[in-house]
1. Would you point out which residue out of Gly69, Gly46 is loosely packed, with under 15 Cβ neighbours inside 10 Å, more than 16 Å from Gly105 (Cα to Cα) and of a type outside the set (D, E, K, R)?
2. Hey, could you check the range 96-111 for residues that are at pLDDT 90 or above and not hydrophobic (A, V, I, L, M, F, W, C) and say which is farthest from Ile79 (Cα to Cα)?
3. If you scan the range 100-120, which residues turn out to be without any contact (Cβ under 8 Å) to a residue 12 or more places away in the chain and under 13 Å from the mean Cα position of the chain (by Cα)?
4. Would you check if there is a residue in the range 13-21 being at pLDDT below 95, of a type in the set (Val, Ile, Thr) and under 16 Å from the mean Cα position of the chain (by Cα)?
5. Does Leu84 satisfy the criteria of being over 13 Å from the mean Cα position of the chain (by Cα), surrounded by 13 or more Cβ atoms within 10 Å (Cβ to Cβ) and of a type outside the set (Gly, Ala, Ser)?
6. Among the residues of the range 101-120, write down those that are touching a Ser or Thr at 6+ places or on another chain (Cβ under 8 Å) and either under 22 Å from Tyr42 (Cα atoms) or surrounded by 14 or more Cβ atoms within 10 Å (Cβ to Cβ) (or both).
7. Modelled with pLDDT of 90 or more and among the charged types (D, E, K, R): does that describe Arg75?
Amino acid sequence: MTEGPEFLTDDRTKVLRRLLFVIVGFAVVLVLVGVPLVAGDYEVYGAIVLAIAVVVGAAALATLRAIRGRSPAARRLCIATGVLTAALSVLLVPVWIGLLTVVAGIGLLVITFAPERGPR
């Protein structure tokens, strides 16, 4: 398993950044879903949705920062963000965005663990 700059090839970096931006977008959508839940009759579930949004969004932003800086910890952060996104999103499956965030978390793990393709 490669670590650090060898892991962050140009192609992999481009795909990871795009996927992390999607995860950040999902976190924003979760905030937009969670606020009305808290304001309505589903305070507890709304609080859970908001907490998940904060954790997933913060992890994705930290990973984006590590990738931009070509940090040696970028691979570990990609793995942690993928696991957090997939695991925490299981609680969100009753909301339509939950299934999408599970898929995004698994996709991040697949891209992280996939071997680098050779030249075309």
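The values are calculated or read from the model by the stated rules, or taken from the named source; none is laboratory data. Remember, it's a predicted structure, so these values are computed and weren't measured experimentally. Note that we place each Cβ from the backbone using ideal geometry, even for glycine, and neighbour counts take in every protein chain shown.
1. Gly69 is the lone residue from the list that is loosely packed, with under 15 Cβ neighbours inside 10 Å, more than 16 Å from Gly105 (Cα to Cα) and of a type outside the set (D, E, K, R).
2. Looking at residues that are at pLDDT 90 or above and not hydrophobic (A, V, I, L, M, F, W, C), I get Thr101.
3. Residues satisfying the conditions are Val103, Val110.
4. For the range 13-21, residues at pLDDT below 95, of a type in the set (Val, Ile, Thr) and under 16 Å from the mean Cα position of the chain (by Cα): present.
5. In short, no.
6. Matches in the range 101-120: Thr101, Val102, Ala104, Gly105, Leu108.
7. Criteria met by Arg75.
Quick grid of which residues meet (1) out of contact with any Leu (no Cβ under 7 Å at 6 or more places or on another chain); (2) of a type in the set (Lys, Arg); (3) assigned to a helix (DSSP H, G or I):
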| site | (1), (2), (3) |
| --- | --- |
| Arg70 | no, yes, no |
| Cys78 | no, no, yes |
| Val102 | yes, no, yes |
| Leu108 | no, no, yes |
